[in-house]
Structures are given as structure tokens and as C-alpha cells.
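Data block below; observations after.
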Amino acid sequence: MKKIIMFLFMGVLANLAWAGEQKKDVTDRLRTASEVLNHMTSAPDKGIPEEVLDSAKCIAVVPHLIKGGFIFGGKHGRGVATCRTEYGWSAPAFISVGGGSAGLQIGIEGVDLVMLIMNDRGMQQLLSSKFQISGEGSAAAGPVGRHASAGTDWKMDTEILTYSHSKGVFAGLTLEGAVVQQDSDSTISVYGRDASFKSVLQGRVSAPQIAGQFMRAVRQAANHARVEESREGHTR
């Protein structure tokens with residue numbers, strides 16, 4: 001009997017330790033995602049264009065996405081997403097990005113990734129809790145610079161615009177074949193239950209205290225884009 005009690009007690013301690021590590025990982029991810037978003041939206045003349053950011057329906061940030069491999073390429077990372085609602089930006093939903101593409105390549109590289117969901121079709125895919133990025137119009141490398149070039153077609157049918165930052169270089173990132181889905185472990189550690197993407201991203205779940213820095217970064221980026229557009233509109 002004592003052995004059973006001890007076994008159960010050790011199991012409880014292990015679960016508490018796992019929960020503590022998971023919460024720390026999520027907290028670190030939210031902080032890093034905030035820093036990535038601040039950096040990629042405030043970089044003069046080489047970051048995400050203001051018009052693109054102002055038009056985005058949802059923002060997803062994946063710090064330190066790992067890509068690379070031998071013979072077969074691969075991508076894996078965990079991040080956080082938020083969508084516009086009638087009351088402002090939603091609480092963060094936690095995501096994982098995985099998948100790969102065949103091709104002769106070798107090496108491994110860590111990049112910071114920002115995905116901007118640009119239309120209702122892309123938003124519905126995100127709300128489904130799991131979807132694969134594939135096919136024409138699904139995702140494309142977004143334009144880079146203070147303003148989006150009038151010659152680009154980012155306003156057309158592209159559901160997701162992607163941006164990456166690695167070693168000081170801003171660029172688009174090809175994500176075809178990657179699967180974006182809900183990170184259930186992180187969701188449970190923050191919200192205490194496996195809250196669905198839909199309930200979180202549609203604003204039916206309150207943002208946790210640990211997400212304060214990330215939510216401020218999102219609002220600051222969105223507000224900066226609107227202010228810059230308004231200011232330039234007055235000077236024309």
C-alpha cells in the first residue's frame with residue numbers, strides 16, 4: 001500500500017514539474033514572439049509594410065522556426081496567433097508548425113517567422129485548428145519595405161503572407177507543405193483546458209496575464225501602421 005501511495009505521489013510531483021516547465025516554455029515563447037514582432041514591424045524600410053499589416057485579419061508569430069535537413073527538408077516550430085475581433089485583438093492561441101518538402105539540401109537554420117492571414121478564407125483555415133499550407137494562393141512570401149509596391153498582388157487571393165528574419169535579413173519564406181495546428185499542451189497549461197482555436201481567436205476567451213507583453217506588441221504594431229498611413233495621407 002505504501003508503495004502505491006509513493007508511486008502516486010511521485011506521479012503528482014512529475015505532473016507538477018511538467019506543468020511548471022510547460023508554463024515557463026509558453027511564457028518564454030510569448031516574450032520572444034513579442035520581440036520578434038516588434039523588430040519585424042518597426043525596422044525602417046525593410047520590415048513588414050504598413051499597408052499589409054493594417055489589412056491583416058490575424059497575426060501568427062513563430063520564434064526560432066527550425067528548417068533544414070539532409071535530402072528531405074523539414075520545418076518545425078511553435079508559436080502564437082491572434083485575430084482581430086469587434087472588441088480588438090483576441091487572446092493568443094498557441095500553434096505548432098511542422099512539415100517538409102523533398103529536395104537536395106543540407107544544413108539547419110533557425111529563423112523567426114511571422115504569418116499574416118489576409119482574408120476570410122485564410123482566417124477560416126486558421127480557425128479549423130489544423131490545416132496544411134499548399135496550393136496556389138494559399139501562402140506567399142510577403143512584400144518587404146516601408147510600403148507595399150503597387151505592382152505586387154498581395155491584395156489579391158493570397159490567404160497568408162509570410163515573413164522571416166534570420167541573421168539580419170528580412171525575406172519571405174516558402175511554407176508549402178507545412179501543417180499548422182493547435183498546440184494543445186501549451187493551450188492547456190495557459191487556459192487550464194484544451195480551448196479550441198475558434199473560441200480563443202474569436203474573442204470568447206480572455207487573454208491571460210502572461211500574454212500582456214505579446215498583446216501590447218500586437219496593438220503597438222497595428223496602431224503604428226494606422227498612424228503612419230494616416231500621417232502620410234495628410235502629407236500627400
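Quick notes on this one:
- Test: residue in the stretch 43-54 that is at pLDDT 90 or above and under 28 Å from residue 209 (Cα atoms): no
- The stretch 144-187 - residue that is of a type in the set (Val, Ile, Thr) and under 15 Å from residue 112 (Cβ atoms) and, of those, modelled with the highest pLDDT: 162
Results for (1) hydroxyl-bearing (Ser, Thr, Tyr); (2) touching a Leu at 6+ places or on another chain (Cβ under 8 Å); (3) at pLDDT below 90, shown as yes or no for each residue.
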| residue | (1), (2), (3) |
| --- | --- |
| 28 | no, no, no |
| 32 | yes, no, no |
| 65 | no, yes, yes |
| 95 | no, no, no |
| 105 | no, no, yes |
| 108 | no, no, yes |
| 138 | yes, no, yes |
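The values are calculated or read from the model by the stated rules, or taken from the named source; none is laboratory data. Quantities reported herein were computed from a predicted structural model and do not represent experimental measurements. Note that we place each Cβ from the backbone using ideal geometry, even for glycine, and neighbour counts take in every protein chain shown.
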